[in-house]
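Any read-out appearing in this document is the output of simple, stated calculations on the displayed coordinates, not a laboratory observation. Quick caveat, the model's predicted, so the values are computed rather than measured. Using ideal geometry, Cβ is built from the backbone for each residue, glycine included, and neighbour counts are taken over all protein chains shown.
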């Protein structure tokens, strides 16, 4: 049994996002809840990698803004 981490929203504490590998389908499953509505995204590996790079780029922008 894997440990699932809920990444909670900084603005709405009931909102969250989680991610896991769906090995049966060979995809990355991103799921969560926003304003009481559940959502699911299924990404192939290359799209998940692109998304992670985009997230990292945006994090770096915020960090450079904080340091500037």
Problem - Evaluation of residue 28 against (1) at positive phi; (2) touching a helix residue (DSSP H, G or I) at 6+ places or on another chain (Cβ under 6 Å) (one fails), failing number - result: (1)
Problem - Filtered residues of segment 1-25 (kept if surrounded by fewer than 10 Cβ atoms within 10 Å (Cβ to Cβ) and in contact with a helix residue (DSSP H, G or I) (Cβ under 9 Å, 6 or more places away or on another chain)) - result: none
